[in-house]
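The structure appears right after this line, and notes come after that.
The values are calculated or read from the model by the stated rules, or taken from the named source; none is laboratory data. The shown structure was predicted, so the numbers you read here are calculated from the model rather than taken from an experiment. Cβ placement follows ideal geometry from the backbone for every residue including glycine, while neighbour counts extend to all protein chains displayed.
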Amino acid sequence: MKPRIVVFSISALAGTLREISRDYLHQANIELVSKAYEDALAYARNRYYTDTADVFVAAGSNGAFLANQLEAPLVVIRTDGFDLMQALAVARRTSPEIGLVTYETAFDELAQFSRAFNLSIPTRTYRTPEDARQSVRELAQLGVKTVVGPGLVNEIAQEWQLNSVLIYSRQGVMKAFDEAIRLASAKAGGSPRAARPSYVHHTEQDILGVSHAVEQLRATIRLCGTVDFAVLIQGETGVGKELVAQSIHAASARAGKPFVAINCASLTETLLESELFGYEEGAFSGAIKGGRAGMFESAQGGTVFLDEIGDMPLAFQTRLLRVLEEGHVRRIGSSIARKVDFRLLAASHVNLQRAVQQGRFREDLYYRLNELLIQIPPLRDRPEDIEPLAGHFLRATPVRVPKVRFDDFLLLAMPDLQSLPWPGNIRQLKNVCKRAAIMLAQDLSVSHWKSWFSDLFQEMPSSSRAEPAMASQLLQHTPVVSDWDHLSLIYQKATKAEKPAVVAQALTMAGGQVHTVAKHLGISRSTVWRMAKGLVTMEGEN
């Protein structure tokens, strides 16, 4: 049976939802229902507890209301800075008098957009329909001609005879539908309707980069695929721990079996227990008819990935250890022990060894998880990977930008991008590239780019910014360096942003001989050429 998904919308978003739902007819039965708030809640509860719907989808304030009240699986259509900038770019083509109304949250990207296009964009946030109506009224009184916002805001704007642009992107809606289908399929794992499928989408070839660290990571993943040991993956937020976990599964003999993932930090202890162990019919209020298999059972023969395992409660760690040692699970409300066969992969952004020393993580579980260890280095420690990653993310955006614009941007931006500390790692770089694609589509001047780079640097937490190196001071006090050893020392101490200037001086000293500079500075000729070209491009466009 196809997943049964109910989508709530009473606003201008309904048309977009209806159009996109047609693309999913072969994957799911999607029903659009014109209800909101208490009416939607009552309808959803009736459909879920009579087992006539699997997952619900909603957006905006209606989605937030249901998220706080509904006990059934719910996907809220989200918006991010990329959606915002796309919508603002569309709105700007209709009128320069733009206003923005968002549900509860303001977007940091708005300030960048305003400066880039020299626009003053008044904004409002709302929680209730009355708040939204008041917000649109205030913008109309300020002379706003086009309002960007969720569907409810669009309808109110049209009542005021204003132009309106939906803040939701097609990609955002599709992502919500994909997640709803995934949840519905997972729910079916506990009933006779269907088995829970595998969700692996990546292999080690999807781990992009040219650094030695990435080459080693790929080799380690292939090695992990040859043995059936538990693997602990450690790394900062945003480095791609689940990508590594999926790649290990894909490289293993279990690749044809399910890969089941859960984030331990996103669930309460009670929900975590029901998700992992499953439950019998009648085990608690709201338990679905026929009960439900947990993830350990659903992954039979495959792989279980426990993300952010460092946030798992201590009491629950004991139960997990018992499952790993005995190879059996008991559903909530059952006395029957079911044999399970799965490989465990775990990940954490915190140092679990330190957590053990602090009494926050069981030592015996730590050693059980750490049969093999993968430590993913942060992006700031492998800046040479930023260029291939940024190029991939730029080309993957749905914004139509000529390739030459992307190439010019990368050449101009790379010294700045490689000098940033990237506390959010690859995830943060991906978001920056989405925003850059929007800016590139607007054909900005170099002065705008420099302002954007400055804003980007200011976004980084001050505690995580790279400490300034001594190279600038050394070059300032030694305008002409004639000693290669001295210049080599300066190059080693230089930041990524400063290295092109050092290379330029080395080229002057070497009479333009690239191979001489490469030899004395200990770098490749292509690096010398790239830095020199980047410096000339930036200086020539000042």
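Any residue at all in region 162-169 that is surrounded by fewer than 17 Cβ atoms within 10 Å (Cβ to Cβ), at pLDDT 90 or above, among the aliphatic types (A, V, I, L, M) and not in a helix (DSSP H, G or I)? Within region 162-169, not a single residue is surrounded by fewer than 17 Cβ atoms within 10 Å (Cβ to Cβ), at pLDDT 90 or above, among the aliphatic types (A, V, I, L, M) and not in a helix (DSSP H, G or I).
If you go through region 161-178 and keep only what is within 16 Å of R22 (Cα to Cα) and aromatic (F, W, Y), you end up with just F177. Considering region 245-262, and only residues there that are farther than 18 Å from L324 by Cα, of a type in the set (A, V, I, L, M, F, W, C) and not in a helix (DSSP H, G or I), the residue that is nearest to the chain's Cα centre (by Cα) turns out to be A255.
For region 115-132, the set of residues classified as of a type outside the set (V, I, T), under 19 Å from G63 (Cα atoms) and not in a strand (DSSP E or B) consists of R127, P129, E130, D131, A132, listed by residue number.
For D51, the criteria (1) touching a Ser or Thr at 6+ places or on another chain (Cβ under 9 Å); (2) surrounded by fewer than 17 Cβ atoms within 10 Å (Cβ to Cβ); (3) closer than 29 Å to L440 by Cα hold in every case but one, which is (3).
The residues on offer are E242, E236, E215, and the sole one that is at pLDDT 90 or above, at negative phi, under 26 Å from the mean Cα position of the chain (by Cα) and part of a loop (DSSP other than H, G, I, E, B) is E236. Here R338 passes the criteria (1) among the basic types (K, R); (2) in a strand (DSSP E or B); (3) without any contact (Cβ under 8 Å) to a residue 24 or more places away in the chain except the one numbered (3).
The test for being of a type in the set (G, A, S) and without any contact (Cβ under 8 Å) to a residue 12 or more places away in the chain does not hold for A390. Checked against the criteria, S95 does not count as crowded, with 18+ Cβ neighbours inside 10 Å and more than 19 Å from S185 (Cα to Cα).
Cβ-Cβ distance below 8 Å, separation of 6 or more or different chains: which pairs start in region 303-322 with a residue that is over 14 Å from F277 (Cβ atoms) and assigned by TED's automatic domain parsing to the domain that holds V260 and end on one that is modelled with pLDDT under 90 and among the aromatic types (F, W, Y)? From residues that are over 14 Å from F277 (Cβ atoms) and assigned by TED's automatic domain parsing to the domain that holds V260, the pairs are T303/F259; F305/F259. Residues in region 179-212 that are among the polar types (S, T, N, Q) and modelled with pLDDT of 90 or more: S211 only.
Among the residues making up region 472-497, a single one is modelled with pLDDT of 65 or more, hydroxyl-bearing (S, T, Y) and in a loop (DSSP other than H, G, I, E, B): T495. Restricting the first member to region 498-521 and to residues that are in a helix (DSSP H, G or I), and the second to residues that are of a type in the set (D, E, K, R) and modelled with pLDDT under 80, the beta-carbon pairs closer than 7 Å and six or more apart or on different chains are V514/R525; H515/R525; A518/R525. If T270 satisfies all but one of (1) in contact (Cβ under 8 Å) with a residue 24 or more places away in the chain; (2) in a helix (DSSP H, G or I); (3) surrounded by fewer than 20 Cβ atoms within 10 Å (Cβ to Cβ), what's the number of the condition it fails? Going through the list (1) in contact (Cβ under 8 Å) with a residue 24 or more places away in the chain; (2) in a helix (DSSP H, G or I); (3) surrounded by fewer than 20 Cβ atoms within 10 Å (Cβ to Cβ), T270 breaks only (1). Within region 35-66, the set of residues being over 13 Å from V6 (Cα atoms) and within 21 Å of the chain's Cα centre (by Cα) comprises G60, A64. Screening region 289-329 for residues that are touching a helix residue (DSSP H, G or I) at 6+ places or on another chain (Cβ under 7 Å) and of a type in the set (D, E, K, R) and picking the one that is nearest to A255 (Cα to Cα) gives D307.
To keep it simple, each residue is scored yes or no on (1) under 24 Å from R93 (Cα atoms); (2) in contact with a strand residue (DSSP E or B) (Cβ under 6 Å, 6 or more places away or on another chain); (3) touching a residue at least 40 places away in the same chain (Cβ under 8 Å).
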| site | (1), (2), (3) |
| --- | --- |
| L352 | no, no, yes |
| E363 | no, no, no |
| N370 | no, yes, yes |
| A413 | no, no, yes |
| A436 | yes, no, yes |
| M439 | yes, no, yes |
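Looking only at region 24-44, count every residue that is touching a residue at least 24 places away in the same chain (Cβ under 8 Å) and closer than 19 Å to E179 by Cβ and tell me the total. Result for region 24-44: 10.
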